[in-house]
Amino acid sequence: MSPPRPLPEVVAKNRFLGFLIWQSISSTAIFFSYKLIELSILPSSSFSVQSLVLSILSFTAFHFSQLILSASLAAISSPQPVPPASFLQLATSLLRLLFVSGNSSSPDLRRRAKVSLNIAAYVAAACFSGFVSAVAMCGRVVGGGEIEAIAVVGFRGSVIGLLYALHFAKNRRWLLHFPIIQRPPFFSFKMGIPAAIGRAFRLSTTGYTLASVLMLMLSFGEASLSALTTTQFLLNRCTLYLGIFCMLLCWELSHLLHQVLHTKRFVYAPPKGSAAAETNPTETLISALEETASDSLPRYLAYLDLCMVCENNVDMWRRAAFFEETGETYRKVTAVSLRPLEELASKLSEGLEGSPEDQLSKQLLSASDPQLPSRIYEPLNNFQKISWCARAISSLTAHSHKEDRYGVAQLSGSTAATLSTLLSSLLAVEAFMGKKTHLQSPHQLLGPAGIRWAALNTGKRDVPPMISKRTAGPLHSNAYAIADVLRTSIYCIVSTFYTEMVASAKAGLLEKDWIKDGKPLHGSRELLVQKLQLFLDYRA
């Protein structure tokens with residue numbers, strides 16, 4: 001009998017423990033390899049018990065520094081991009097908290113402040129780890145007394161650790177990027193080794209040069225090296241540089257291992273053939289989608305698992321369980337899949353729609369509250385989650401055409417709700433990109449032009465003040481990518497139900513049969529029907 005699957009809340013803990021084990025193995029291999037090279041270049045004059053004890057202490061201190069840096073990496077890592085709060089925002093919030101009675105910071109500011117504190121903790125951990133690792137690996141390279149060697153090498157390691165941490169924070173390398181193709185961890189790790197070596201080489205070269213310049217400016221250095229010959233000096237410097245490179249290579253491989261192990265797919269299902277697989281195979285997956293935190297790793301892994309189940313034909317027995325007779329499972333899966341898309345459409349609509357007076361008031365409010373635009377457009381940063389949700393729900397809806405034996409998708413109205421949400425989200429994203437949809441008469445729709453697009457920046461009356469300056473940047477890149485995913489998802493449903501939709505369009509029932517009742521999240525019902533008609537004509 002197969003062992004039971006771990007609970008969602010245990011997944012992150014197990015992966016972190018596995019990361020620590022593999023990280024210690026790779027770091028040990030690099031540490032001993034460097035020590036062997038160091039002994040071959042700078043052979044030891046004698047062997048004693050004291051030197052053995054010092055070697056053991058160096059090895060222990062090196063692994064302790066790696067553990068500190070790994071723990072800070074795990075604390076800051078997140079699959080959801082949250083921008084850190086600036087120093088001015090933190091200071092303003094602290095002053096309001098101290099001097100304004102009854103004032104409490106917003107949840108968004110608390111999240112951003114937590115990210116800022118985690119970044120500061122990582123910078124401190126990198127400086128400390130750089131100091132300890134450099135002393136443990138290269139303390140023997142620098143001549144002179146023990147205190148002098150520790151100070152010189154430790155200062156150099158701290159400077160390089162600070163440089164590495166700043167590079168880490170600037171490039172937002174704490175984000176977990178899930179690969180497009182899920183490979184076995186060994187092959188994913190092997191493919192990332194060349195990039196890790198190149199990055200370690202560049203950072204070690206830059207850090208070594210910067211530390212040398214700072215030590216020269218501060219007149220703090222290795223006076224004892226003056227007694228060395230030119231050959232001995234060059235060998236000494238090469239060995240020291242190699243030690244710095246090996247230290248950064250350990251950090252890069254640890255980061256690579258963390259990415260590979262934490263972004264690997266986790267199957268939220270009981271083992272096939274077990275009693276749970278026969279009775280309720282979707283309980284674990286739905287529990288992870290509904291009960292875990294929205295920005296947690298288990299929630300993202302659950303969306304990844306749901307997307308792969310809905311898209312691929314490998315676990316068809318799991319997808320068939322979504323179409324059980326009562327329809328309760330299908331409604332739950334549809335609800336959790338549409339929730340991020342509904343949030344995207346509603347928040348974008350909040351920032352885009354309204355009269356010019358409303359837009360002016362939002363612009364004034366955004367000037368007094370800098371977090372307002374980020375709160376409105378924050379869903380655009382969650383491209384990975386939105387992509388999985390759109391692909392999962394569109395594939396599941398398309399497969400329901402043949403696999404839904406009980407007709408739960410049509411009877412529950414989930415197909416119309418899915419199509420309406422996807423269309424509303426697409427219209428909202430396209431409006432953010434600078435495209436405005438004009439509702440046209442049926443006679444105009446017969447022409448080749450279809451929907452007439454007008455650039456928002458051609459006139460001041462059409463440009464929402466909050467996005468008039470956002471004509472480029474990461475948000476717009478994400479918007480274009482999300483729009484492509486939404487179009488592909490809608491075409492997936494339209495191509496499957498094409499015959500039924502065309503029959504409804506000819507009978508004048510397209511809005512009744514395929515658009516959800518009530519006001520859409522963005523736009524109007526007529527606009528959604530018009531957009532759906534363009535998809536039917538393959539002119540979207």
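The values are calculated or read from the model by the stated rules, or taken from the named source; none is laboratory data. On a predicted model such as this, the values are computed, not experimentally measured, just so you know. Every residue, glycine among them, receives a Cβ derived from its backbone with ideal geometry; neighbour counts consider all protein chains shown. Keep in mind that these areas ignore ligands, DNA and RNA; they rest on the heavy atoms of the full protein, side chains included. Shrake-Rupley method; radii C 1.70, N 1.55, O 1.52, S 1.80 Å.
For the reader, a short list of remarks on this structure follows.
- Restricting region 511-540 to residues that are in a helix (DSSP H, G or I), in contact (Cβ under 8 Å) with a residue 24 or more places away in the chain and closer than 19 Å to residue 412 by Cα, the residue that is most open to solvent (accessible area, probe 1.4 Å) is 513.
- Applying the set (1) under 17 Å from residue 34 (Cα atoms); (2) modelled with pLDDT of 95 or more to residue 241 leaves exactly one unmet item: (2).
- Among the candidates 331, 319, the residue that is open to solvent by 20 Å² or more (accessible area, probe 1.4 Å), at pLDDT 90 or above, assigned to a helix (DSSP H, G or I) and over 20 Å from residue 79 (Cβ atoms) is uniquely 331.
- Residue 177 vs. criteria surrounded by fewer than 13 Cβ atoms within 10 Å (Cβ to Cβ) and touching a residue at least 24 places away in the same chain (Cβ under 8 Å): yes
- Pairs meeting the criteria (first residue in region 117-129 and surrounded by 19 or more Cβ atoms within 10 Å (Cβ to Cβ), second residue of a type in the set (Phe, Trp, Tyr), beta carbons under 6 Å, at least 6 apart or on different chains) are 126/164.
- Residue among 69, 73, 109 that is surrounded by 15 or more Cβ atoms within 10 Å (Cβ to Cβ) and over 23 Å from residue 255 (Cα atoms): 109
- Wholly within region 402-461, helices (runs of 4 or more DSSP H) carrying at least 3 residues that are open to solvent by 10 Å² or more (accessible area, probe 1.4 Å) and modelled with pLDDT of 85 or more: 414-433
Every residue, every condition in (1) of a type outside the set (D, E, K, R); (2) at pLDDT below 90, yes or no:
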| site | (1), (2) |
| --- | --- |
| 5 | no, yes |
| 8 | yes, yes |
| 41 | yes, yes |
| 66 | yes, no |
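- Any hit, region 357-364, residues being out of contact with any Gly (no Cβ under 6 Å at 6 or more places or on another chain), open to solvent by less than 40 Å² (accessible area, probe 1.4 Å), among the polar types (S, T, N, Q) and at pLDDT below 60: yes
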